[in-house]
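Working notes for the structure below.
The values are calculated or read from the model by the stated rules, or taken from the named source; none is laboratory data. For clarity, every value in this text was computed on a predicted model and none was experimentally measured. Ideal geometry is used to build each Cβ from the backbone, glycine not excepted, and the neighbour counts take in all protein chains shown.
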Amino acid sequence: MSEGNTHIAVTLRKSFADFTLDVAFDSTSALTALFGPSGAGKTTLINCLAGLERPDSGAITINGATLFDGTTGTDMPPETRRIGYVFQDARLFPHFSVEENMRFGLPYVPESDAWADFDQIVDLLGIGALLDRAPHQLSGGEKQRVAIGRALMTSPRVLLMDEPLANLDPARRMDIMPFIEHIRDALKLPIIYVSHNVDEIVRLADHVVILDQGKISAHGPLTDVLNRLEVQSAFRPAAFGDGGADLGTVLEARVQEPDDAHHLTALSVGDDVLYVPRMDVTKGQNLRLRIAARDVALALEKPAQASILNVLDGTVSELVQNDPAHMDVKVTTAHRQILWARITQRSAHDLGLAKGVPVYALIKSVAIESGLPTVRDGS
Amino acid sequence: MMGSWLTPLETEALLLSLKVALWAVLVSTPFAIGFAWLLARKEFWGKTALNGLIHLPLFLPPVVVGYVLLVMFGRNGVIGAGLYDLFGVTLAFNWKGAAVAAGVMGFPLFVRALRLSIEAIDPRVETAARTLGASPFETFRRITFPLLLPGLVTGLLLAFARALGEFGATITFVANIPGQTRTLPVAIYTALQSPGGDDMALRMVVLSVLLAIAALAASEVATKMIRKRIYGEP
């Protein structure tokens with residue numbers, strides 16, 4: 001594929017009767033997640049990138065090449081933008097077989113730009129056995145994989161994915177996510193991924209753009225953005241229906257010692273170390289962890305005798321009351337990691353928690369998000 | 001052979017009917033697709049009026065349609081005079097005029113069948129084709145057109161059957177001229193008007209019934225084949 005990272009720059013404005021989309025961002029990331037509640041303008045935004053909708057003003061460029069420019073009137077039609085688009089509903093062509101669907105766009109790809117290899121993509125998506133089938137003979141997950149393959153076969157410069165897993169049940173979602181990781185890593189194809197499912201985003205994205213009522217409310221590397229409370233409150237189930245998540249902390253970890261004498265795996269998070277039951281990993285491997293705030297307890301003294309394995313010391317850096325019974329406490333560890341804990345109001349009062357109070361964070365459970373199962377602390 | 005039990009006059013009427021109906025349907029096909037697509041997919045000023053105009057032949061007495069055609073396409077008609085001056089073509093009192101009358105009468109049925117078929121095609125699938133590199137024309141050629149084929153076959157049959165049966169507009173517009181405008185229905189009418197023509201009329205009635213059954217069967221087979229190709233239905 002292309003040398004170096006693809007640079008996508010977007011500034012655009014589009015007004016509707018009841019809301020205005022007004023955004024500016026650029027990205028060189030492998031997978032940028034576009035995140036926000038329904039009606040935030042996510043689909044309108046990627047439709048503008050694909051050329052399916054026309055912004056009122058602004059500019060869209062990929063590696064400096066202009067796709068849209070409101071001042072000069074440049075507006076490339078979708079068929080010449082060479083941007084792949086995977087829709088929420090697969091939209092396969094009913095009168096073509098799977099293979100014919102896959103090859104649909106081939107005649108339109110300029111030879112000099114073609115990088116897609118049919119056999120490699122079929123292999124990557126595991127759809128070799130489906131090639132002769134008709135679309136109506138496929139399951140939902142199979143359809144979506146074929147739709148991804150069909151978009152990849154046009155050798156796109158960027159792949160847009162609009163909630164590609166939203167119509168699938170949770171088990172199928174888990175089946176397809178590794179394929180998306182493969183595309184991101186093996187094909188080095190930049191992906192812009194629309195979702196309102198936190199699990200998908202934590203697992204797949206390295207960059208997050210949060211859209212709210214047509215505006216970008218947060219934008220940056222995943223761990224920075226997701227650990228901000230005002231962002232997290234937007235993820236609550238109330239706002240998102242299913243796929244919403246409880247408050248928690250996302251951490252990047254590196255495997256330090258895959259297997260020690262106690263059958264534990266040591267993970268370093270910055271300069272802190274966490275232990276989880278032994279996993280099938282190799283030393284130096286990077287993992288993404290999520291620690292739910294309700295799985296973190298706080299103590300004023302280091303518990304001398306307790307079954308909890310992971311205890312980090314730090315200080316309270318923020319206290320937020322989100323409901324009458326609970327208090328969300330942000331702890332900054334001695335090694336400057338951030339950790340959210342959700343405790344009851346009563347505990348907060350009893351412990352006399354306030355900004356700057358030294359505490360010990362007791363971590364009951366760590367979820368490994370990079371394709372591996374949640375690991376409960378063996379207490 | 002056909003000649004053994006059909007008189008030359010009857011054979012002539014049958015062949016003329018087929019020729020008139022085929023031309024009527026062939027010439028109206030691109031227009032029917034165009035109007036059906038406009039009505040199914042586009043919103044524009046005057047859409048309701050256009051829809052009404054296309055359906056008018058369905059509600060008007062055929063004689064009225066024939067009269068309007070005569071006024072418009074006759075040698076001195078608004079359009080007829082222009083056609084003659086520019087191309088030397090005249091529609092009055094010949095088989096071409098009969099084809100126009102038959103085509104106009106079948107047009108609403110044709111457009112209706114196509115419109116339903118186009119409305120059943122998910123426009124989002126066409127959008128997907130655009131994002132895969134297909135221009136609007138390529139999208140129509142490779143996606144929309146193959147998907148509207150079942151509707152096209154249905155529409156073709158309805159329009160063809162209507163054209164075969166056309167009587168009122170034909171006789172009003174282009175009269176009753178043997179070999180030119182005397183199609184099967186007109187010939188049946190003529191036979192019934194002449195003394196001792198009952199046998200001839202009866203034979204042509206049987207012929208009409210056989211023709212209708214054959215057309216229906218052909219369209220059923222064609223639709224089945226297309227559906228099987230598109231959706232793999234048995």
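Within this structure, residue B:162 passes the test of being in a helix (DSSP H, G or I), under 22 Å from residue B:97 (Cβ atoms) and either within 14 Å of another protein chain (Cβ to nearest Cβ) or of a type in the set (D, E, K, R) (or both). The number of residues in segment A:254-282 being buried (at least 16 other Cβ atoms within 10 Å of the Cβ) and either under 21 Å from residue A:314 (Cα atoms) or out of contact with any Lys or Arg (no Cβ under 8 Å at 6 or more places or on another chain) (or both) comes to 9. Quick check on residue B:207: is it within 18 Å of the chain's Cα centre (by Cα) and closer than 17 Å to residue B:17 by Cβ? Against the criterion (within 18 Å of the chain's Cα centre (by Cα) and closer than 17 Å to residue B:17 by Cβ), residue B:207 does not qualify. Kindly provide the set of residues from segment A:133-174 that are more than 25 Å from the chain's Cα centre (by Cα) and more than 11 Å from chain B (Cβ to nearest Cβ), ordered by number. Result: A:138, single match. Return yes when residue B:93 is hydrophobic (A, V, I, L, M, F, W, C), surrounded by fewer than 21 Cβ atoms within 10 Å (Cβ to Cβ), within 14 Å of chain A (Cβ to nearest Cβ) and over 26 Å from residue B:52 (Cα atoms) and no when it is not. So residue B:93 fails the test. For segment B:122-135, what are the residues that are assigned to a helix (DSSP H, G or I), exposed (fewer than 15 other Cβ atoms within 10 Å of the Cβ) and within 8 Å of chain A (Cβ to nearest Cβ)? Hit for segment B:122-135 is B:124, nothing else. Of all residues in segment A:297-312, how many are within 19 Å of residue A:335 (Cβ to Cβ) and not in a loop (DSSP other than H, G, I, E, B)? The number of residues fulfilling the criteria is 5. The single residue among A:66, A:61, A:72 that is farther than 18 Å from residue A:8 by Cα and more than 14 Å from chain B (Cβ to nearest Cβ) turns out to be A:72. Applying the criterion of being of a type in the set (A, V, I, L, M, F, W, C) and in a loop (DSSP other than H, G, I, E, B) to the residues of segment A:100-136, the residue that is nearest to residue A:78 (Cα to Cα) is A:109. A single entry from B:25, B:65 fulfils the requirement of being modelled with pLDDT of 90 or more, touching a Pro at 6+ places or on another chain (Cβ under 6 Å) and part of a helix (DSSP H, G or I): B:65. If you go through segment B:161-177 and keep only what is of a type in the set (Ser, Thr, Tyr) and crowded, with 24+ Cβ neighbours inside 10 Å, you end up with just B:170. Taken together, the residues in segment B:189-234 that are within 14 Å of another protein chain (Cβ to nearest Cβ) and not in a helix (DSSP H, G or I) amount to 3. Scanning segment A:17-42 for residues that are among the polar types (S, T, N, Q) and out of contact with any strand residue (DSSP E or B) (no Cβ under 6 Å at 6 or more places or on another chain) turns up A:20, A:28, A:38.
The set of residues in segment A:87-105 that are within 9 Å of chain B (Cβ to nearest Cβ), of a type outside the set (Phe, Trp, Tyr) and under 26 Å from residue A:53 (Cβ atoms) comprises A:89, A:90, A:91, A:92, A:94, A:105.
Within segment B:182-234, restricting attention to residues that are touching a residue at least 40 places away in the same chain (Cβ under 8 Å) and among the hydroxyl-bearing types (Ser, Thr, Tyr), the residue that is nearest to residue B:93 (Cα to Cα) is B:183.
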